[in-house]
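Q: Mind looking over this structure? Questions follow.
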Amino acid sequence: MILVTGANGNLGSATLAALRARGVVATGGSRTPGEGIRRLDFDDHVRLDLAGVSTLVLISAGYAEDDQVVRRHAAVLDAAVRDGVHHVIYTSLTGAGDHLGFALAHRATERLVQASGLPWTILRNGLYAELFGALLMWADEGVESAFGDGALAAVARDDLADAAAIVAANPARHSGRIYDLVGTPITAGQVADRLGVPHRTVSLGEYRRRLLDETPGMLPFQPPMLASIATGIRHGFLDGTAPDLANLLDRPARDPLATAVAAASTTRP
């Protein structure tokens, strides 16, 4: 049986749906399980249960400080070894993202996966086109960003879910492989043009001030994480392309610009 963690999250639920659309028997795991989803709380080490799971799709348990993320991943990998899981697929971060504020938790987890003794595949996912669009800020009938003229090799989340499903359906074929799943470079200016509005660049300092002062509910680790994305795009560190995504999908990837435009449209006042 294939089990996808984080089944109530965006990538986990999309991966589970992609597997089922292919007629593959799969279930999900979540700390808040619903019908057909197994309870799987990475912070409850004693009750982590992966019995009967042959292939584990480990969706990164982000949205926490690095030590907590790595501790969660280590716990589920220990359970995978104990319960006889045959293959682990980990959704990591593109290799171009090594300088980002959340990269170290991914790289540390990759080491744990490779040292587990289990057959493994690592999917180094590019940043979502949905995220790129959502990070544009609406102001005075236009959009603002700290991205400048920099481009992001963005990926539609559904393409990453499809790629994970393809690997999970035939894991032995992909054993020991690291795939860099990035898309076509897009800019904030291109998104603004599609929206029919102007784009204005704000400084990184202004962007950080807005994150700290004007964004309610922001957790302490999130402003530096988002600022690292902005400076990475702005200075050209995240625009590299690779063939792995299209090769895995055996089709062209979805248009990341259209996906980013749709995401930006949903936040329009």
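The values are calculated or read from the model by the stated rules, or taken from the named source; none is laboratory data. Being a predicted model, the structure only gives us computed values, none of them experimental. All Cβ positions, even for glycine, are placed from backbone atoms using ideal geometry, and neighbour counts span all protein chains on display. Heads up: the accessible areas ignore ligands, DNA and RNA and are worked out on the full protein's heavy atoms, side chains in. Shrake-Rupley method; radii C 1.70, N 1.55, O 1.52, S 1.80 Å.
Q: So for region 199-269, what are the equivalent ellipsoid semi-axes in whole Å, largest first, each being the square root of 5 times an eigenvalue of the Cα gyration tensor?
A: Three semi-axes, in Å: 29, 16, 13.
Q: Note down the magnitude of the dipole of region 1-143 about its Cα centre, charges +1 on Lys and Arg C-beta and -1 on Asp and Glu C-beta and zero elsewhere, to the nearest 20 debye.
A: 580 debye
Q: Treating only the Cβ atoms of Lys and Arg (+1) and Asp and Glu (-1) as charged, compute the dipole magnitude of the chain about its Cα centre; round to the nearest 20 debye.
A: It works out to roughly 540 debye.
Q: Which of L135, L93, L245 ends up with the largest GNM mean-square fluctuation for the chain, with Cα atoms connected below 10 Å?
A: L135
Q: Another question, if that's okay. Give me the percent of Cα-Cα pairs in the chain that sit more than 23 Å apart, rounded to a whole number.
A: In whole percent, the long-distance tail amounts to 53.
Q: For region 107-206, report the accessible area per residue in Å² (1.4 Å probe, heavy atoms, rounded to an integer).
A: On a per-residue basis, region 107-206 sits at 39 Å².
Q: Using protein chains only and a probe of 1.4 angstrom, how many square angstrom of T267 are accessible, to the nearest 10?
A: Result for T267: roughly 60 Å² accessible.
Q: Here's something else I'd like to know. Counting Lys +1, Arg +1, Asp -1, Glu -1, what net charge surrounds V57 among other residues with beta carbon under 14 Å of its beta carbon?
A: For residues surrounding V57, the net value is +2.
Q: While we're here: Evaluate the charge dipole of region 62-170 about its Cα centre and quote only its size in Debye, nearest 20, assuming +1 on the Cβ of each Lys and Arg and -1 on the Cβ of each Asp and Glu.
A: Roughly 680 debye, rounded to the nearest 20.
Q: For R254, what accessible area in Å² do you get when you roll a 1.4 Å probe over the heavy atoms of the protein chains, rounding to the nearest 10?
A: It works out to around 100 Å².
Q: If N is the number of residues in region 144-245, what value comes out of its Cα radius of gyration divided by 2.2 N^0.38 Å?
A: Compared with the compact-globule rule of thumb, region 144-245 sits at 1.32.
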